[in-house]
1. Checking residue 386 against (1) touching a residue at least 24 places away in the same chain (Cβ under 8 Å); (2) crowded, with 19+ Cβ neighbours inside 10 Å, which single condition isn't satisfied?
2. For residue 176, all conditions in the list (1) closer than 22 Å to residue 45 by Cβ; (2) in contact (Cβ under 8 Å) with a residue 40 or more places away in the chain hold save one; what is the number of the exception?
3. Taking the condition of being more than 29 Å from residue 372 (Cα to Cα) and assigned to a loop (DSSP other than H, G, I, E, B), how many residues in region 438-470 meet it?
4. Give 73, 114, 110 a once-over and let me know the one that is under 22 Å from residue 359 (Cα atoms) and either in a helix (DSSP H, G or I) or free of Cβ contacts under 8 Å to residues at least 12 places away in the same chain (or both).
5. Can residue 373 be described as surrounded by fewer than 21 Cβ atoms within 10 Å (Cβ to Cβ), free of Cβ contacts under 8 Å to residues at least 12 places away in the same chain and not assigned by TED's automatic domain parsing to the domain that holds residue 465?
6. Answer yes or no as to whether residue 339 is part of a helix (DSSP H, G or I) and under 22 Å from residue 13 (Cα atoms).
7. Taking region 187-221 as the search range and keeping residues that are in a loop (DSSP other than H, G, I, E, B) and within 22 Å of the chain's Cα centre (by Cα), which one is nearest to residue 251 (Cα to Cα)?
8. For region 6-24, what are the residues that are within 15 Å of residue 237 (Cα to Cα), touching a residue at least 12 places away in the same chain (Cβ under 8 Å) and out of contact with any strand residue (DSSP E or B) (no Cβ under 7 Å at 6 or more places or on another chain)?
């Protein structure tokens, strides 16, 4: 049997160099494109209410929300679609594929500076975005006829990016449709019976057909630890430089004891307490390559590479109810990416296309354009870098600063508009210190008691740029401030 020791490996350099990936959630729920926007996911998970997830802001959970008759989604559905079943959205989704241009998507993703794309191939509703040959015993033909996974893979590879697949291993509502209102319900709803073999076969099919550079599972894994290790060993044999995430906690029969009574209540309270303290950080599985906190970041540099996963707004799937106040601002987007990179992480930023016309909505395209601009400004200070001795500081002028390093070059990225000078604390000059802008232009500087002060050439900096970067060569780290 494959052991944990057999799977031990370093996270591949390509992934550590990337810093930015694009996630794509595109399911039949994106036809309805609705979820309530009043509460963020972290707030809901920090609640001990039994039906808190009925009001999730995640549109991809629409089918689950419909199982709560008084939920916002259920009321919206009755008013908009009457008694039309969720399953009927699949026909609209398939029809919209005639309008889909995977090459346009791939070009937009590549322009952002992203180095990989992860596509949701099957979410919790069980609908597959490839013509799977693994038979679903409960719903016939619950997949696309067009090979969405294969076509997007080819388009993404054609732009020089890596391609990964997401698979919902822990939940599949075609096998277990019970309503999920809280974390204990989610444990109870992990399908048994024929499902573990079905999920294993589908993931192996994805590996064989698409050789994904990222194997991104969600929630948990229905098989045993031994079966899981065998699956990982197979994946690494097929894709030696592949990456697996951390949402692979294997099924254990003892979990059933958490369904009811005091144990169930204790699990709900413990989960709420953890979410309130740390945000959504998955439990630690027996094997993984990278951690994937959701809508949450770590406070300091992590010794192991990690990935913050989040939507452009409060959802992953497309939500027509989102207004401008719910989307990341340009400054928030820049600070998020730069901060995560300084702490040894990647940002996996989600795009949620519409289901009715296969289009990326304008508000999301605008954010992709902002990322493209940001990559031109500071991309060289992010891609291919590693954390420095500290993640950041605050300049004497009040700018938040973040540090990265490549070889002997330390990069300092200043967030927000900068003035005529930028004083970087905690950096000591040496006799051979040099400072340049990222285009190679030499910048004037001087050592001051408050740190290394850089004179900022206004001709080289956009007045309202959300981030500006400089390369510092041959400097030492002073005491942390």
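1. It is condition (2) that residue 386 fails.
2. Of everything listed in (1) closer than 22 Å to residue 45 by Cβ; (2) in contact (Cβ under 8 Å) with a residue 40 or more places away in the chain, residue 176 misses just condition (2).
3. Qualifying residue count, region 438-470: 2.
4. Of 73, 114, 110, the one residue that is under 22 Å from residue 359 (Cα atoms) and either in a helix (DSSP H, G or I) or free of Cβ contacts under 8 Å to residues at least 12 places away in the same chain (or both) is 110.
5. yes
6. Yes; evaluated as a whole, the condition is true for this residue.
7. Of everything passing the filter in region 187-221, 220 is nearest to residue 251 (Cα to Cα).
8. 6, 7, 9
The values are calculated or read from the model by the stated rules, or taken from the named source; none is laboratory data. From a predicted model like this one, the values you see are computed outputs, not experimental measurements. Please note: Cβ atoms are built from the backbone with ideal geometry, for glycine as well, and neighbour counts cover all protein chains shown.
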